[in-house]
Amino acid sequence: MKKIAVLLVITLLLNLLCACAKKADPQPQPEKETPDIGEPAPVPQPEPEPEPEPEPEPQPEPEPEPEPEPEPEPEPEPEPEPKTEWTLCFAGDCTIGTLYEWEAQQGSHNMLNIVGDNYGYPLSGVREIFEAADFTMVNLEGTLTTATEPKAKKYRFRAAPEYAAVLTEGCVDAVSLDNNHVGDYFDVGLEDTKATLDEYGVLWASRDEPLITELEGGIKLGIVAYNTVETEVYTGDVWAYMQHLTPMYQQCVDAGCDLIIGFMHWGWEYTPVPEPWVEQLAHQMADLGFDLIVGSHAHILQNTEYYNGVPIFYSLGNFCYGGHSNPKDKDSVIVRQQIYLEEDGSLAVGETEFIPCSVSSDESINTFCPTPYEEGSAAWDRVMEKLWAEDFYAAAAE
């Protein structure tokens, strides 16, 4: 046992000596190599921390949108007052054109040469009066045709169809076609005239063809045109005339006309007062029921009459007259007649106004341009005397 212990001690001592010797003579350590790193590597910068997003400011709660105000309903337009008064205008003989014999006379003083294609000229002096009326009517004494063969008679009147524009430019609404010159170019001339007027929108009344037309406001006019000159009936046969007039009057009654007008072509020329048979015929027409009677053919003015509430204008004379280059008597007239609704709804004849005129704008020659006289002038007074206007107004006032 002692031997083992001795050996262990010796082993320990030897190990201790070896360890001491290693410490006394240390082995050189190899030098650490410096790596070739070139430029110094940038020092990595720490990534900046992202700035915290600001918290959104609290938005105010949106105000509720106001409910749209309802659009105001448009106020209904006031209904126009119903029309209760109307103005009718009447004038006399209008010969639009010239004599057959004058057509070839270049440079002569006739209507066609003076007017040319200036169709607004002939009625330019009275256009405003006609335009202001609710209805204007004249006697168209002649034809609007291209027919070339006239009747064998003393006076034959014609104009080309485009001369219908004289009427439209002058605000004439209607014409009478029952006179002794609408047939100057036979039936073809009359039919051409009717067709031309239809094309231009001009109304017309003729034998056995009353004009029935409605005015603004709904009133209905009936107009009977009738000629007693150069017919198959013996002149002055009142009974025979009434046999023709009565059926035409009845047509207007049956059509519901509120006012019935007779537009007559009668009597002798150039007589200042009507013949007794003309007066008798007018009175019988009024007694039958005609509300207003207009006359033509005399080529001069005749007196007027107010008979049993019916105005009668026996002759309104010439008006826009191409039948004579310089008529001796140039006096003419426009009748402006008021009509109105009575309280019971019936139509009544109101005030009558006479507008004295000349057939010409020049007293020394016919310019084919009717022109009103100056009110209060000698010419104005002369026309009123021819019409017996004072007596007419006195009778109308009764």
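The values are calculated or read from the model by the stated rules, or taken from the named source; none is laboratory data. Every value quoted in this text rests on a predicted model; they were computed, and no experiment measured them. Just so you know, the surface numbers come from the protein's heavy atoms only, side chains and all, with ligands and any DNA or RNA stripped out. Shrake-Rupley method; radii C 1.70, N 1.55, O 1.52, S 1.80 Å.
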In segment 170-229, what percentage of the DSSP-assigned beta bridges are antiparallel, given to the nearest 5? 60
Give the aspartates and glutamates whose C-alpha is closer than 13 Å to that of LYS153, dropping any in the same chain fewer than 8 places away, or say none. GLU101, ASP184, GLU230
Express the carbon and sulfur contribution to the solvent-accessible surface of segment 275-398 as a percent, rounded to the nearest whole number, probe 1.4 angstrom. 46
